[in-house]
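First the structure, in the form of C-alpha cells, and then the observations on it.
The values are calculated or read from the model by the stated rules, or taken from the named source; none is laboratory data. Quantities reported herein were computed from a predicted structural model and do not represent experimental measurements. FYI the Cβ positions are ideal-geometry reconstructions off the backbone, even for glycines, and counts take in every protein chain you see.
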Amino acid sequence: MASQADFDELLAILHLDRLDDDTFIGAHPSKNPVRTFGGQMMAQAFVAAGRSLTSPLPPSALSVHFIAGGDPGLDLEFHVVRLRDERRFANRRVDVMQKGQLLTSALVSYLAGGRGLEHGVAPPDLEDPLAVPPIGELLRGYEEVVPHFANALHPIEWRYTNDPAWIMRDKGERLEHNRVWMKAHGTLPDDPVLHAAALVYSSDTTVLDSIITTHGLSWGHDRIFAVTTNHSVWFHRPVRFDDWVLYSTTSPVAAESRGLGTGHFFDRSGQLLATVVQEGIVKYFPGRSTASA
C-alpha cells in the first residue's frame with residue numbers, strides 16, 4: 001500500500017514554488033480527499049514560513065485556524081506576513097488562499113532559547129515499532145469499510161500499538177487513547193524545516209480518533225462527520241522524522257458537537273518532541289451505518 005512513490009509525492013508538495021520573497025505556490029498530490037487534507041495545508045504553510053526566515057531559527061509553535069475547505073483541483077497560494085525578525089525570535093503569519101478566498105491562517109513562532117530547565121511527561125511503555133503490524137495489515141479486509149484510509153496517500157508509515165478504530169469497533173471495545181509509531185517512508189533531506197513539516201503533516205492523522213473510540217465508534221462503521229476547526233503544535237526539541245516517533249493521543253472532552261484531541265510525539269529514547277492540540281466538529285448520527293469520516 002505505502003510506497004516510495006507516495007513519499008516522493010510528499011517531498012514534491014513540500015517543495016513550494018516561490019513567486020517572490022513572501023509568496024509561494026503549493027501543489028496537491030495525486031491522491032486527495034474531497035477537500036484539501038489539512039495536514040498538507042499546514043505543512044506547506046509551515047514550509048513557506050520557514051523559507052522566509054532571514055536566518056535559521058528553530059520553530060517553537062504553530063497555530064492554525066481553518067476557515068474554508070480547499071479544492072484539490074487548484075494550487076494553493078501561501079502569502080507570508082513578516083511580523084517580527086530578531087536575533088533569537090521571529091514570527092510569521094501565513095494566509096493560505098485559492099482564487100482570492102482565505103482558506104486557512106497560520107501563525108508560526110520561532111525561538112532560539114538555549115539551555116534551561118528540562119522535564120517532560122513520560123512516554124507509555126510500548127513494544128518496539130517493528131514488533132507491531134504495519135497499517136496495511138490492519139486495513140486488510142476493511143478496504144470497503146474505511147476506503148478514505150485505504151486509498152489515501154501513504155508517505156508516512158503507521159504502526160498502531162492498539163487496535164485501530166475499525167477493528168476495535170468489530171470487537172465491541174472502547175479505548176480512551178490511541179498510540180501509533182510513525183516515520184517517513186524514505187530518507188528525508190538533511191533539512192530541519194522538512195523534518196518538522198513531516199511531523200506537522202502527520203499531526204493531523206489519528207489525533208481525533210480517541211474522540212470516537214472513547215464511545216466505541218469507528219469511521220466507516222458509523223455515520224460520523226468530522227472536520228478540523230483549529231490545530232496547534234508546540235515544538236520542544238528537534239525531530240528526525242525518518243526515524244520512528246510515537247504519536248500518543250487522547251481526548252479530554254467532547255461537547256456541543258465539538259471534540260478536542262491532544263497528542264504527544266516522543267522519540268525512541270522517550271524524549272518529548274512536540275505537543276499537539278486539535279479541535280474538530282464531530283457529529284455522530286446513530287442508527288446509520290454506511291458512513292464516511
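List of remarks:
- Segment 130-154 residues that are touching a residue at least 40 places away in the same chain (Cβ under 8 Å) and more than 16 Å from Asp170 (Cβ to Cβ), paired with ones that are assigned to a helix (DSSP H, G or I) and not hydrophobic (A, V, I, L, M, F, W, C) (beta carbon under 7 Å, 6 or more apart): Leu153/Asp6; Leu153/Glu9; His154/Asp6
Per-residue answers, yes or no, for (1) free of Cβ contacts under 8 Å to residues at least 24 places away in the same chain; (2) buried (at least 20 other Cβ atoms within 10 Å of the Cβ); (3) at positive phi:
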residue	(1), (2), (3)
Tyr201	no, yes, no
Val207	no, yes, no
Ile211	no, yes, no
His215	no, no, no
Gly220	no, yes, yes
His236	no, no, no
Phe266	no, yes, no
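- Checking Val121, Val108 one by one, the residue that is more than 19 Å from Ser218 (Cα to Cα) and in contact with a Gly (Cβ under 9 Å, 6 or more places away or on another chain) is Val108 and no other.
- Among the numbered conditions (1) within 20 Å of Phe241 (Cβ to Cβ); (2) touching a His at 6+ places or on another chain (Cβ under 9 Å); (3) surrounded by fewer than 17 Cβ atoms within 10 Å (Cβ to Cβ), the only one that Asp128 does not meet is (2).
- Among (1) crowded, with 21+ Cβ neighbours inside 10 Å; (2) farther than 24 Å from Val245 by Cα; (3) hydrophobic (A, V, I, L, M, F, W, C) - the single one Val34 does not satisfy: (1)
- Of all residues in segment 158-187, those that are touching a residue at least 12 places away in the same chain (Cβ under 8 Å) have Cβ atoms under 7 Å from Cβ atoms of residues that are among the charged types (D, E, K, R) and assigned to a helix (DSSP H, G or I), 6 or more apart or on another chain, in Asp163/Lys171; Ala165/Asp209; Asn178/Asp209; His185/Asp6.
- Answer residue from segment 268-286, given it is more than 27 Å from Gly114 (Cβ to Cβ) and under 15 Å from the mean Cα position of the chain (by Cα) and is surrounded by the fewest Cβ atoms within 10 Å (Cβ to Cβ) among those: Glu279
- Filter pass, Gly280 being at pLDDT 95 or above, touching a helix residue (DSSP H, G or I) at 6+ places or on another chain (Cβ under 6 Å), within 29 Å of Ala68 (Cβ to Cβ) and not hydroxyl-bearing (Ser, Thr, Tyr): no
- Residue match in segment 71-90 (condition: within 20 Å of the chain's Cα centre (by Cα), aliphatic (A, V, I, L, M) and either closer than 24 Å to Thr206 by Cα or at pLDDT below 95 (or both)): no
- Hits in segment 183-231 - residues which are out of contact with any Gly (no Cβ under 7 Å at 6 or more places or on another chain), farther than 21 Å from Trp158 by Cα and not in a loop (DSSP other than H, G, I, E, B): Pro192, Asp222, Ile224, Phe225, Asn230
- Note on segment 137-149: among residues that are outside any loop (DSSP other than H, G, I, E, B) and at pLDDT 90 or above, the one that is surrounded by the most Cβ atoms within 10 Å (Cβ to Cβ) is Leu139.
- Answer from Ala49, Ala68 - the residue that is closer than 20 Å to Gly280 by Cα, modelled with pLDDT of 95 or more and not in a strand (DSSP E or B): Ala68
- Leu117 more than 23 Å from His28 (Cα to Cα) and part of a loop (DSSP other than H, G, I, E, B): yes
- Among the residues of segment 87-107, those that are closer than 24 Å to Asp71 by Cα and either basic (Lys, Arg) or surrounded by 15 or more Cβ atoms within 10 Å (Cβ to Cβ) (or both) comprise Arg93, Val94, Asp95, Val96, Met97, Gln98, Lys99, Leu103, Thr104, Ser105, Ala106, Leu107.
- Ser55 being loosely packed, with under 15 Cβ neighbours inside 10 Å and among the polar types (S, T, N, Q): yes
- So Ala106, is it under 23 Å from Val245 (Cβ atoms), touching a residue at least 60 places away in the same chain (Cβ under 8 Å) and not in a helix (DSSP H, G or I): yes
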